[in-house]
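One structure is given below, encoded as structure tokens.
The values are calculated or read from the model by the stated rules, or taken from the named source; none is laboratory data. Small disclaimer: the values here were computed from a predicted structure and weren't measured. Cβ placement follows ideal geometry from the backbone for every residue including glycine, while neighbour counts extend to all protein chains displayed.
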Amino acid sequence: MHHFHFRNHELHCEEVLIRDIVRQVGTPLYVYSEATLTRHFQAFDSGFADVPHLTCFAVKACSNIAVLNLFAGMGGGADIVSGGELFRALTAGIPANRIIYSGVGKTAAELREALRAGILMINIESPQELDRVQQVAAELGVVAPVAFRVNPDVDPKTHAYISTGLAKNKFGIPVTEAFADYLRARSMPNISIQGVSCHIGSQLTQIAPFLEALRKLKDFMARLASEGITLRYLDLGGGVGITYADEQPPHPHEYAKAIMAELGDTGCTLILEPGRVIVGNAAILVTEVQYTKVNTGGEKPKRFVVADAAMNDLTRPSLYGAYHEIVPVSATNAAPQMVDIVGPICETGDFMARDRMLPPVRQGDLLAIMSCGAYGFSMSSNYNSRPRAAEVLVRGDRFQVIRGRESYADLIRGEVIPEGVQP
């Protein structure tokens, strides 16, 4: 459920008219619903209320500090994958002891930042990373709390680009090899083994892959226990999908019930890393129609709607072939026609939708691209020297800009022309 709805044929976010926000802030524009963010976080987190757990939001999905601060206030933590995300999480008010650090390419500098901050746990993804963590921790004179991200070789049945739990994926250590790394870590003076981690992919719409991975983790944990290695944390990752079109993902409570039934009594605190399932349907991208055109000369005429949002604002359709519902901000009963909804970037791959049925629109009309909260703004760029969009958070009948629209000056910040070069 989300709080974007039509009233008197006009799209609203909670109690605010989308058109009113655009009048003040312009387009392209990301609009977030605080009520939706709150509802979704609580729906996910409450499913695990009967067991010790920590819900660490996946910062990569939506990294605005206003959103992170909202989750921090509800007891949430952060799943980070970079030093920049660590900075964001701490700035947003998430306590360091609720932050876990994943990712295959952590630099020595990033590890220093994490250890100095005192985060809960570093999820190690390779034998060489273990050596680096030991070295950095020794240099700092601290003991590093770690888990190993185990790759269980489970097919998540999702898009290949967001599958992370197969042996052919770059993430984690194969479950067949991780045991030796735990034994090696046990002998390292600046390493403290805290847990085991697993994340098999994103936008999963079935529970079975999660349960298959959990069964493999339980077997692995039993083997560790036979060697006297006991764990405090079991990190099951994230990956629960949302509805973009006709997908039927499990409800978070259904997912939680299945996980807890399979889990049994491990004696561990669960760590969950939801991202998309919380923020995906909590935001839209609003764009203004610049032109409509019809190209002839092919087998049949091709209709285009050219908007001011582009692949730099929302890359998922170009990158994954992802589907996002697109609706006029002012509803109409006019018969739809097939169009491509495209942006102004000089790439044929710059599109929000292809061969989509859309009611006729005119220059100046507003379109809402739905379900843009996850991997929308966080994946945006300045390609074609386009300033990134503004972000707005709606709370009831009010809204606030939580990230101002970038200016042309922002585009060249940090750039210089070498001395002695004549214009």
Q | Hey, residue 234 in the same structural domain as residue 198 (by TED's automatic domain parsing), within 22 Å of residue 179 (Cα to Cα) and not in a strand (DSSP E or B) or not | A | no
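Yes/no matrix, rows are residues, columns are (1) over 14 Å from residue 309 (Cβ atoms); (2) not aromatic (Phe, Trp, Tyr):
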site	(1), (2)
338	yes, yes
363	yes, yes
367	no, yes
386	no, yes
399	yes, no
417	yes, yes
Q | Residue that is at pLDDT 85 or above and in contact with a helix residue (DSSP H, G or I) (Cβ under 7 Å, 6 or more places away or on another chain), where the choices are 180, 137, 208 | A | 137
Q.
Taking the conditions exactly as written (crowded, with 20+ Cβ neighbours inside 10 Å and more than 22 Å from residue 270 (Cα to Cα)), does residue 36 satisfy them or not?
A. yes
Q. Looking only at the stretch 135-150, which residues are touching a residue at least 40 places away in the same chain (Cβ under 8 Å) and surrounded by fewer than 19 Cβ atoms within 10 Å (Cβ to Cβ)?
A. 138, 142, 143
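Suppose we keep only residues that are closer than 12 Å to residue 323 by Cβ and surrounded by 13 or more Cβ atoms within 10 Å (Cβ to Cβ) within the stretch 240-256. Which one would you say is nearest to the chain's Cα centre (by Cα)?
242
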**Q.** Filter result (surrounded by fewer than 20 Cβ atoms within 10 Å (Cβ to Cβ) and touching a Lys or Arg at 6+ places or on another chain (Cβ under 8 Å)) within the stretch 92-107
**A.** 104
Q | Every residue from the stretch 173-220 that is free of Cβ contacts under 8 Å to residues at least 40 places away in the same chain and either assigned by TED's automatic domain parsing to the domain that holds residue 373 or not charged (D, E, K, R) (or both) | A | 174, 176, 180, 187, 208
Q) What number of residues in the stretch 290-308 are touching a Lys or Arg at 6+ places or on another chain (Cβ under 8 Å) and either under 30 Å from residue 203 (Cα atoms) or outside the structural domain of residue 377 (by TED's automatic domain parsing) (or both)? A) 2
Q: All but one of (1) farther than 22 Å from residue 53 by Cβ; (2) modelled with pLDDT under 95 hold for residue 185, so report the exception by its number.
A: (2)
Q: Provide a single number: the residues in the stretch 377-423 that are buried (at least 16 other Cβ atoms within 10 Å of the Cβ), in a strand (DSSP E or B) and polar (S, T, N, Q).
A: 0
**Q.** the stretch 298-351, subset over 25 Å from residue 246 (Cβ atoms) and in contact with a Gly (Cβ under 7 Å, 6 or more places away or on another chain), residue surrounded by the fewest Cβ atoms within 10 Å (Cβ to Cβ)
**A.** 350
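Suppose we filter 87, 4, 44 for residues that are crowded, with 19+ Cβ neighbours inside 10 Å and under 30 Å from residue 234 (Cα atoms); which single one remains? Steps first, answer last, please.
On the way: 87 fails: crowded, with 19+ Cβ neighbours inside 10 Å; 4 fails: under 30 Å from residue 234 (Cα atoms).
Result: 44 is the single residue among 87, 4, 44 that is crowded, with 19+ Cβ neighbours inside 10 Å and under 30 Å from residue 234 (Cα atoms).
For the subset of the stretch 108-134 comprising residues that are among the small types (Gly, Ala, Ser) and modelled with pLDDT of 95 or more, which member is surrounded by the fewest Cβ atoms within 10 Å (Cβ to Cβ)?
Step one: of the stretch 108-134, the residues among the small types (Gly, Ala, Ser) are 108-109, 114, 117-118, 126.
With modelled with pLDDT of 95 or more added as a condition, the list becomes 108-109, 114, 117-118.
Values: 108: 12, 109: 10, 114: 25, 117: 16, 118: 12.
Filtering the stretch 108-134 for residues that are among the small types (Gly, Ala, Ser) and modelled with pLDDT of 95 or more, the one surrounded by the fewest Cβ atoms within 10 Å (Cβ to Cβ) comes out as 109.
Within the stretch 58-164, which helices (runs of 4 or more DSSP H) (wholly inside it) include 3 or more residues that are in contact with a Gly (Cβ under 9 Å, 6 or more places away or on another chain)? Write out each step before concluding.
Working: elements: 65-73, 83-91, 108-117, 127-140.
In the stretch 58-164, 65-73, 108-117 are the helices (runs of 4 or more DSSP H) which contain 3 or more residues that are in contact with a Gly (Cβ under 9 Å, 6 or more places away or on another chain).
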